[in-house]
1. Over the chain, calculate the relative contact order: mean separation of alpha carbon pairs under 8 Å at least 6 apart, over the residue count, as a percent.
2. Which value in nm describes the separation of the simple spin-label points at R68 and R102, placed 7 Å from the Cα toward the beta carbon?
3. So how do T29, T116, T20 line up by other beta-carbon neighbours within 10 Å, fewest first?
4. Only helical DSSP H runs with n ≥ 4 go in: add -39500 (n - 2.57) per run for the chain, normalise by residue count and round the 222 nm mean residue ellipticity to 500 deg cm²/dmol.
5. Determine the gain in length on full extension of the stretch F81-L109; use 0.36 nm per residue of separation and subtract their C-alpha separation, reporting nm with one decimal.
6. Between rounded, prolate and oblate, where does the chain land on the alpha carbon gyration tensor, with a ≥ b ≥ c its root eigenvalues, rounded for a/c under 1.5, else prolate if a/b exceeds b/c?
7. Once R0 is set to 25 Å, what does the formula 1/(1 + (r/R0)^6) return for the Cβ-Cβ distance between T29 and V61, expressed as a FRET efficiency to the nearest 0.05?
Amino acid sequence: MADTPESQHRLIAAIGYAFTPIVSIIVLTSDLKHDRFMKRHAGQAMVWAPVFLLAFVLVVVAAIWMLRTDLLLLCLFPILFHLPFLPGVIWGWRVYRGGDPRPPVIAPLAARLFPTD
């Protein structure tokens with residue numbers, strides 16, 4: 001991709017989905033919040049953040065349970081560890097490639113919580 005402001009914004013939005021809520025907070029507190037594209041994707045990533053964090057906690061609890069139950073079950077941990085990151089990475093990849101992901105529940109809620117107008 002060319003190194004234009006459009007591609008830079010797409011890259012920041014993509015990273016915001018993968019590394020939520022850190023990048024999203026930075027976008028929403030910087031001058032980038034005045035750009036509608038950036039604010040919408042940062043808002044969607046912020047709405048995704050609690051779901052991601054809850055899923056991550058559940059993965060850690062499952063890993064502790066697997067460790068206590070059977071050491072052989074712990075072999076599933078690398079696969080299980082990546083599951084909470086998967087939706088954010090997929091949405092980020094779609095943004096980076098020029099798509100416009102609008103997750104069914106997250107996008108309308110983000111539009112109400114973080115209006116772009």
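No value in this document is a laboratory result; all are computed from the given coordinates. Given the structure is predicted, the values throughout are model-derived calculations rather than measurements. Virtual Cβ from ideal backbone geometry, glycine too; neighbours counted across all protein chains shown.
1. Details: 108 pairs, mean separation 43.1, N = 117.
37 percent.
2. Distance between the two pseudo-spin positions: 4.5 nm.
3. Listing T29, T116, T20 from fewest to most nearby Cβ atoms yields T29, T116, T20.
4. Details: 6 runs with 81 residues, N = 117.
The helix contribution divided over the chain gives -22000 deg cm²/dmol.
5. Working: separation 28, 0.36 × 28 = 10.08 nm, distance 2.68 nm.
Full extension of this stretch gives 7.4 nm more.
6. prolate
7. Details: r = 32 Å, r/R0 = 1.27.
Once the sixth-power term is evaluated, E becomes 0.20.
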